[in-house]
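Following: one structure in structure tokens, then a few remarks.
The values are calculated or read from the model by the stated rules, or taken from the named source; none is laboratory data. Since we're looking at a predicted model, the values are computed, not measured. Glycine gets a Cβ as well: all are built from the backbone with ideal geometry, and neighbour counts include every protein chain shown.
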Amino acid sequence: MIAFTDIVGMDLAKQALMLLAVDSELGGVVIPSAVGSGKSTLARAFADILPESTPFVELPLNVTEDRLIGGVDLEATLATGLRVVQHGVLSKAHRGVLYVDSLSLLDSSAVSHIMDAMSRGEVLVEREGLSEVHPAKFMLVGTYDPSDGEVRMGLLDRIGIIVPFTAQNDYRARKKIVKMVLGTRDAEDTRDELNMLAGFINAAKEQLPHVSITDDQIRALIQTAISLGVEGNRVDIFTVRAAIASAALAQRSDVDEEDMKQAIKLVLIPRATRMPEKEAESNEAPPQEEPPQQEEPEAEDQEAPSDTPDAEAEEEQKETPDMIEELMMEAIEMELPDNILNISLASKKKATTGSRGEALNNKRGRFVRSQPGDMRSGKVALIPTLISAAPWQETRRRDSKMAGRPKTALLITKDDVKIKRFRDKSGTLFIFMVDASGSMALNRMRQAKGAVASLLQNAYVHRDQVALISFRGKQAQVLLPPSQSVDRAKRELDVLPTGGGTPLASALYLGWETAKQARTKGITQVMFVLITDGRGNIGLQATFDPTPEKATKEELEKEVEALSLSIQADGVAAIVIDTQMNYLSRGEAPRLAQKLGGRYFYLPNAKAEQIVEAALSF
Amino acid sequence: MTQTEPVAKKTAAKKTVAAKAKTESAVKKKKSGLAFPFTAIVGQEEMKLSLILNIIDPRIGGVLVMGHRGTGKSTTVRALAEVLPFIERVAGDTYNRTVEQYLEGEEGKKGGKPIDPATLKVEQIPVPVVDLPLGATEDRVCGTIDIEQALTSGVKAFEPGLLAQANRGFLYIDEVNLLDDHLVDVLLDVAASGKNVVEREGISIRHPARFVLVGSGNPEEGELRPQLLDRFGLHARIITILDIEKRVSIVKLRREFDDDPDAFMDKYNKEQQKLQKKIQTAKDLLSKVTMTDEVLTDIARLCMNLGIDGHRGELTITRTAHAHAAYKGETVVTMQHVKEIAGLCLRHRLRKDPLETLDAGEKIDRELAKILGEAEAV
């Protein structure tokens, strides 16, 4: 076991964990990092800097609902004949740490339970005849590899600190450093250092209630959250807490600029949905007319403002230019790499799916729970059935004897039968690939959107997953990774910009990649729904090369053909919806459909219902 | 006065059923159980109004609160418990029944004997708020045979579930859009009939289960089944507050609460009681509120113009407008009242048109404006 103080690098993650050790109300720390970065070693070493005997519970990924929440302890119940309650993992972590490795792989129902426990600080056990409340106030420490997928935003919203994803050092080199460090020092050094750190954190905890923050500082932090497009108001509280904890660690009684920067870095930036610089520029241009506090209270009574944070609302908020705020913005700009949106989780949040992505069913997937049911409608869960029959044996035997029925060892009635419920990713993923190039006339786009929207509606009803890829300009882009949020897909479609070339090959390639990834997550069937005129004019090379050689028509067609055939061979089904004007068509889209082995529809003729039917009948 | 009963006692009363014989957890519950006061919640007026109107008239049919993460959805619903009025029930009745309901239920049983109403004691309890967690199993929701009793004394006794506790109160489901399908089926069934029927081990139990369904969730995590969506009387939407000063005060209030919850509760005690009283007054006033035929016609026309199927839209608007008028202390429903609640009542009932880019709220406003214009011109 490597001690907290012996771990090399990952300074930001260490700082994050120290802040959490000082103020557990920060909820937790999430560390996204690549394989072999030592993130899980660090997370486990977190116990070193906590007071002794603080519970540290590691959550296994395949945890079942009753292990997580708690339930009847079977052995003890059978032994004593009384109902004995077993506390779940969540309540075992009470006043301590719940650690989840590979947080993004955690089953979504488990995520929901964790979210629920975090918002209540306790677990409600309402199952198997039990009705209990178990305290479950814990800090959640999660590590994961972003290439496995993202963590559900709802959960991240309850966790105060998200360590910004950092570029990876070479894993072997790091290991070597660790070894070297370990070799040159003895256990005593480590112990001394740990003791010092623990003392340091204790002192900070004592300092915590004495740290004060000014209203202007709070205002500046909130302004920053708004500028970064962070959703929700809960995050404000975390930001302020982080700044205060940072001051406490420095044994100061006032929050200073460094503390605020630290809070912004660890709480806000990873949730950013947009760049602050742009906002700043656009805000300087228009003259400021409206006074602040423009909102009348009644306005809210009747109708919620209909939109998410947008630039307009921002302008109105930006009225009071504040020295602190300017300083903050400068600080952020300095801290931020150019590609902030690539490091921020929020921009990738679309990768998460709701629990609808995993349907409970009676036949396949992972066993999660049992429920009363008909023996013929699923697999019988033997032990739960026996548990439910056990208490009745005495009375049933009596009744049975009275009725003069023959004696049997075990009396089981149909009420006892419990069948297994499995959790399974829903079967089909529809990948919509919408041609947004200049050749898609606007009205076509509208029609195409209509078709997609009705397909989406249908996909929702059938609990399928949808992904959305648009292609225009140099390359295709995933607008919505596999998810079940029809809402979001619609929204993405609404704002889909058009214009530029038609990188058809890139779309096919990206779609295929998406399909492959989805398969590793349990998707069994994938269908492409291509909405295009089929006239690709940008080759794959443009994806990697900013100044590609101009590909000839033949090369382009060959590329598309090769890809199409591989995709077909890979078992991906396809529908091509042709958007080309009749008199312009040279049969590109039908050819594409043929190469993909898919069905072809001509949009102006096709009714939305027909397309839906085709999509569902493959 | 029962209304001044201390907070702690109320919480305890609410929990007696859930915590029976589990003293340890019950004690711990009390400590962590202080909810942020309703009257200290900043903004989110739409959600607060929806909840209050449902207290005034539970027949409105509940409220669905959907919106952004971290905007205080569950905090607000859980805060509701402290401003609820009191109801009268037969003392100790698990189903919270009134004397009449009790008599009807008990005498209607097989072999039920007539009961003299004079022998029944009644008690005042706060309107129950029952939390239905996502992991709940069907037997706990609907109730089942008490296994302990069966084991120890061989008696088949019914152990009521959450639906029984929620009778005449509120049933709250956080993350309602993630609720397991088979539980949704149970809820739809019970919500439609107002009764819960359990058959197990040769005994058959039927008890009233009328409750105000309150659900909350974030639409991005998954969508709600259309049948369930339709069950909710009102649909409140909630978004991130962008007003800086409001957000500053949210942070400050929260910090104050976390530092010393008891002192904070004391500070808001007066306002909490004021609100509770205002709600009770509105409840009492409700039966005196009237609506003219003209207003009713306008409501019908609004629903028709918006192409809303069935009559649930009109019915909900009418009831909600009555409650809204009562809350404002007025006895005649005007189109102004209707206007203020129409979005809440209709937003989720509009037919979904995939090509429609206009927001449901805007559409309702536009039709309302048309009707109001017409009404003025006539």
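In this structure, is B:L302 away from chain A (no Cβ under 14 Å), in a helix (DSSP H, G or I) and not polar (S, T, N, Q)?
For B:L302, the condition - away from chain A (no Cβ under 14 Å), in a helix (DSSP H, G or I) and not polar (S, T, N, Q) - is met.
Identify, from the list B:L188, B:L224, B:L228, B:L183, the residue that is surrounded by fewer than 18 Cβ atoms within 10 Å (Cβ to Cβ) and not in a strand (DSSP E or B).
Going through B:L188, B:L224, B:L228, B:L183 in turn, just one is surrounded by fewer than 18 Cβ atoms within 10 Å (Cβ to Cβ) and not in a strand (DSSP E or B): B:L188.
So is B:Q272 part of a helix (DSSP H, G or I), touching an Asp or Glu at 6+ places or on another chain (Cβ under 7 Å) and of a type in the set (S, T, N, Q) or not?
For B:Q272, the condition - part of a helix (DSSP H, G or I), touching an Asp or Glu at 6+ places or on another chain (Cβ under 7 Å) and of a type in the set (S, T, N, Q) - is met.
Please enumerate the residues belonging to the stretch A:128-152 that are surrounded by fewer than 24 Cβ atoms within 10 Å (Cβ to Cβ), under 19 Å from the mean Cα position of the chain (by Cα) and within 14 Å of chain B (Cβ to nearest Cβ).
Selection gives A:E150 alone.
Evaluate the following for A:D494: is it at pLDDT below 75, within 14 Å of chain B (Cβ to nearest Cβ) and under 21 Å from A:E150 (Cα atoms)?
Spelling it out, it is not the case that A:D494 is at pLDDT below 75, within 14 Å of chain B (Cβ to nearest Cβ) and under 21 Å from A:E150 (Cα atoms).
Just a yes or no: is a residue in the stretch B:232-241 closer than 21 Å to B:H68 by Cα, of a type in the set (F, W, Y) and not in a loop (DSSP other than H, G, I, E, B)?
No.
Looking at the stretch A:217-237, I want the residues that are free of Cβ contacts under 8 Å to residues at least 40 places away in the same chain and have a partner that is part of a helix (DSSP H, G or I) and of a type in the set (S, T, Y) with Cβ atoms under 8 Å, at least 6 apart or on another chain. Which pairs are those?
Here the result reads A:I222/A:T239, each pair linking the stretch A:217-237 to a residue that is part of a helix (DSSP H, G or I) and of a type in the set (S, T, Y).
Can you run down the residue pairs with Cβ atoms below 7 Å, 6 or more apart or on separate chains, where the first is in the stretch B:289-313 and within 14 Å of B:T334 (Cβ to Cβ) and the partner is modelled with pLDDT of 90 or more and assigned to a loop (DSSP other than H, G, I, E, B)?
Every condition considered, the pairs that remain are B:V289/B:T331; B:T290/B:T331; B:V295/B:T334.
For the stretch B:184-213, how many residues meet the condition of being charged (D, E, K, R) and touching a Phe, Trp or Tyr at 6+ places or on another chain (Cβ under 7 Å)? Spell out how you get there, then give the answer.
Pass one, the stretch B:184-213, residues charged (D, E, K, R): B:185, B:189, B:195, B:199-201, B:206, B:210.
Then keep just the ones that are touching a Phe, Trp or Tyr at 6+ places or on another chain (Cβ under 7 Å); that gives B:201.
Residues in the stretch B:184-213 being charged (D, E, K, R) and touching a Phe, Trp or Tyr at 6+ places or on another chain (Cβ under 7 Å): 1 in total.
Just for the stretch A:85-113: of the residues that are within 11 Å of chain B (Cβ to nearest Cβ) and aliphatic (A, V, I, L, M), which one is farthest from A:F238 (Cα to Cα)?
Ranking the qualifying residues of the stretch A:85-113, first place goes to A:V85.
If you check every pair at least six apart or on different chains, which have Cβ atoms under 6 Å apart with a residue in the stretch A:33-56 that is in contact (Cβ under 8 Å) with a residue 40 or more places away in the chain and part of a helix (DSSP H, G or I) first and a residue that is among the polar types (S, T, N, Q) and surrounded by 20 or more Cβ atoms within 10 Å (Cβ to Cβ) second?
If the second residue must be among the polar types (S, T, N, Q) and surrounded by 20 or more Cβ atoms within 10 Å (Cβ to Cβ), the pairs left are A:K39/A:S33; A:K39/A:T143; A:S40/A:T143; A:A43/A:T143.
Counting only residues that are among the small types (G, A, S) and surrounded by 15 or more Cβ atoms within 10 Å (Cβ to Cβ), how many does the stretch B:278-293 have?
As a first pass, look at the stretch B:278-293 and keep what is among the small types (G, A, S): B:282, B:287.
Narrowing further to those that are surrounded by 15 or more Cβ atoms within 10 Å (Cβ to Cβ): B:282.
Total satisfying the criteria: 1.
Considering only helices (runs of 4 or more DSSP H) fully contained in the stretch A:61-169, which possess at least 1 residues that are in the same structural domain as A:L20 (by TED's automatic domain parsing), modelled with pLDDT of 90 or more and within 22 Å of B:G135 (Cα to Cα)?
Output list reads A:65-69, A:89-92, A:108-120, A:153-156.
Check the stretch B:162-173 and report whether any residue there is of a type in the set (V, I, T) and either farther than 30 Å from A:T77 by Cα or at pLDDT 90 or above (or both).
yes
Testing A:G232 on (1) modelled with pLDDT of 85 or more; (2) touching a His at 6+ places or on another chain (Cβ under 9 Å); (3) not in a helix (DSSP H, G or I), one condition comes back false. Which one is that?
(1)
What's the total number of residues in the stretch B:189-205 that are under 30 Å from A:Q393 (Cβ atoms) and either of a type in the set (G, A, S) or touching a Gly at 6+ places or on another chain (Cβ under 8 Å) (or both)? Spell out the reasoning first.
From the stretch B:189-205, those under 30 Å from A:Q393 (Cβ atoms) are B:196-205; that's our starting set.
Narrowing the set further to residues that are either of a type in the set (G, A, S) or touching a Gly at 6+ places or on another chain (Cβ under 8 Å) (or both) leaves B:196, B:198, B:202, B:204-205.
The total comes to 5.
With the structure loaded, tell me whether B:E199 is on the phi > 0 side of the Ramachandran plot and either surrounded by fewer than 24 Cβ atoms within 10 Å (Cβ to Cβ) or within 14 Å of another protein chain (Cβ to nearest Cβ) (or both) or whether it fails that test.
So B:E199 fails the test.
Residue-wise test of (1) within 12 Å of chain B (Cβ to nearest Cβ); (2) crowded, with 24+ Cβ neighbours inside 10 Å.
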| residue | (1), (2) |
| --- | --- |
| A:F200 | no, no |
| A:A204 | no, no |
| A:P209 | yes, no |
| A:I213 | yes, no |
| A:D216 | yes, no |
| A:T224 | yes, yes |
| A:F238 | yes, yes |
| A:R252 | no, no |
| A:K265 | no, no |
